[in-house]
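Every read-out reported here was derived from the displayed coordinates using simple, explicitly stated rules and does not represent laboratory data. The model shown is predicted, which means the values in this text are computed figures rather than measured ones. As a convention, Cβ positions derive from the backbone with ideal geometry for all residues, glycine included, and neighbour counts pool all protein chains shown.
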Amino acid sequence: MEKTSRKPQSRPTTARKRDEILKAAIETFGTKGSTNGTLADIADQVGMTHAGVLHHFGSKQKLLMEVLEYRDKTDVEELVDQHIPGGPELFLHLVRTAFANSRRPGIVQVFTVLSSESVTEGHAAHGYFVDRYRVLRNDLREAFEVLCEQEGVTDRETIDKGSASILAVMDGLQLQWLLDPSAIELGEASEFAIAAIVHETLHPRPPLSDYVRAGA
């Protein structure tokens, strides 16, 4: 009796299985974190063995990084050239992203968990988040520069603070929303905060201490 050899999986089949694993990893890492979430947990969700998951991704660290890259890909998959826009359009893109995130809590959760864990020494995603914030701050800085040119603003000392603040407030609102989705509307709150920071960066108002003195 002739032995039948197992046919290798086709590329579409492999791609679908990798996508299943990534989605399971998002759920696992989002709920348990990257430390407590295991490859065995992920394998159980997709009906595979631990070795099967390793076959597709090589290691837990590589899977972790691909989860983050998967999130970045979904953020831009419908954009022209699959890249975030530059200039003032970037601010609107961030608002649209916040509204999109309100419909995909799993991805937001894994991003929030991993970004928090990445501050620890030796974490696999540390370099990813350092680079991510550096690039985004630079993109926002350039967007503010274009907006300043359009608005005739010459005092640009607040641009760096405005750029960092937009990223901070978006991440902070995501955390509040994950803890209690009924407490805030993620998209609307993010839009309000981004607009406020943009206006304040272009046209700074008196310091808060002035309001305190005025009311005294």
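Work out the count of Lys pairs in the chain where the Cα-Cα distance is under 26 Å, with the pair 8 or more places apart or on different chains.
15
For every helix of n ≥ 4 consecutive DSSP H residues, a contribution of -39,500 (n - 2.57) applies; sum these over the chain, divide by its total residues, and give [θ] at 222 nm rounded to the nearest 500 deg cm²/dmol.
So the helix-based figure for the chain works out to -24000 deg cm²/dmol.
What is the range 10-66's relative contact order, in percent, from Cα pairs under 8 angstrom and six or more apart in sequence? Numbers along the way, then the final one.
Values: 35 pairs, mean separation 18.4, N = 57.
Rounded, it is 32 percent for the range 10-66.
Share of Cα-Cα pairs in the range 10-66 beyond 16 Å, in percent?
32
Taking 8 Å as the Cα distance limit and 6 or more residues as the minimum spacing, I'd like the relative contact order of the range 84-215 as a percentage.
Working: 98 pairs, mean separation 42.1, N = 132.
Relative contact order for the range 84-215 comes out at 32 percent.
Quick check on the exposure proxy: order 212, 108 from fewest to most C-beta atoms within 10 angstrom. If you can, show how the numbers build up before the last one.
Values: 212 9, 108 23.
If I rank by nearby Cβ atoms, fewest first, I get 212, 108.
At most 16 other Cβ atoms within 10 Å and a DSSP loop assignment: could you name the trypsin sites (Lys or Arg not before Pro) in the range 124-184 that fit?
Passing sites in the range 124-184 are 156.
In the range 56-125, which GluC sites (Glu not before Pro) are in a loop and have at most 12 other Cβ atoms within 10 Å, using DSSP for the loop call?
Those satisfying the criteria are 77, 78, 121.
Hey, if you put +1 on the Cβ of every Lys and Arg and -1 on every Asp and Glu Cβ in the chain, which of 98, 174, 49 ends up farthest toward the positive end of that dipole?
49
For a distance above 18 Å, tell me the whole-number percent of Cα pairs in the range 84-215 that qualify. Don't jump to the answer; show the numbers that get you there.
Numbers: 5179 of 8646 pairs.
Everything past 18 Å amounts to 60 percent.
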